[in-house]
């Protein structure tokens, strides 16, 4: 609920030509949170137990409420109707899909699991049909997808959400069970990524206001895909820690060119009245990608563990402490192979980014610059060339 609201406020306050810089600051805060969150969570887990990671959200939430009351301006609103049918259909469809994908291995991919997955797809198709028929306020305004950049941004953010959520589990398993790191130490491995994102996000945010999004987002998605695949290749027991930090840092550089630029590109051409709906749909797409990423990578992880280590009960969930040395190599092999899936999914985002259209504000800026050049080249005082 929070992320779409912040995006909507930024979209409504800042004009299109300044929105990239604003989203860059937004991305910097996200980068800092990416650093502080896992690190603080690791410290609390080591010191007091994993239950304390939930309590830390209370003071953070209180501070956020106070700051929002002080600094967020009043924005005109209007009454809305609620699409209950759309909510129910989307919830049922997503539950069936995610449960089927995530727990399929647990139930040996029985016939009813496949029926559940197919049923989820059918319900989601029914949801789309229903949204096309709603005449008041649909949960998913399909008219938003008439804008090419909004549609492509949703494809890219779904791929990014899939990759980021999907890569975390095998990475943390490897660092703690093979590398013997504590939760705090494994969280510190994420510092290069968070620092790179936090430092570069405002800089790239200003650039995205002046450059074609295809250049920035396409390059960043390609860098992200390559970094994740590289991390999968070097996920081995003999790999030194410093080498693992390099793709981690590159993922931070790539993230700075993805999160904020994508958010700005998605909302850049939308009408102001569509800001809330556009932000909501965009972030819902990101969450769907994240959920599917966790489910798909979890299923692949169980399959690879079953192949590499048949006696491990098909899952790493019950393991604690560092693995015995003779198990580390096949376990690492399973973790590394699992990381290839997020990398391949990111390539879908690379292809989508290649089809971004020039945002309207860039076209207006180009026309203004051409007019200014014409004015400066016009002869002064009505002089006529000989």
Can you tell me which of 101, 128 is under 25 Å from residue 305 (Cα atoms), touching a residue at least 12 places away in the same chain (Cβ under 8 Å) and surrounded by 12 or more Cβ atoms within 10 Å (Cβ to Cβ)?
101
With the structure loaded, tell me whether residue 221 is in contact (Cβ under 8 Å) with a residue 40 or more places away in the chain, in the same structural domain as residue 353 (by TED's automatic domain parsing) and more than 18 Å from the chain's Cα centre (by Cα) or whether it fails that test.
no
Kindly check whether there is at least one residue in the stretch 157-179 that is in the same structural domain as residue 38 (by TED's automatic domain parsing) and outside any helix (DSSP H, G or I).
yes
Per the list (1) more than 20 Å from the chain's Cα centre (by Cα); (2) under 24 Å from residue 268 (Cα atoms); (3) surrounded by fewer than 20 Cβ atoms within 10 Å (Cβ to Cβ), residue check on residue 155 breaks on (1)
Quick check: anything in the stretch 53-72 outside any helix (DSSP H, G or I), exposed (fewer than 13 other Cβ atoms within 10 Å of the Cβ), touching a helix residue (DSSP H, G or I) at 6+ places or on another chain (Cβ under 9 Å) and touching a residue at least 24 places away in the same chain (Cβ under 8 Å)?
yes
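The values are calculated or read from the model by the stated rules, or taken from the named source; none is laboratory data. A quick note: this is a predicted structure, and the numbers were derived from the prediction, not measured. So basically every Cβ, Gly included, is an ideal-geometry build from the backbone, and we count neighbours across all protein chains shown.
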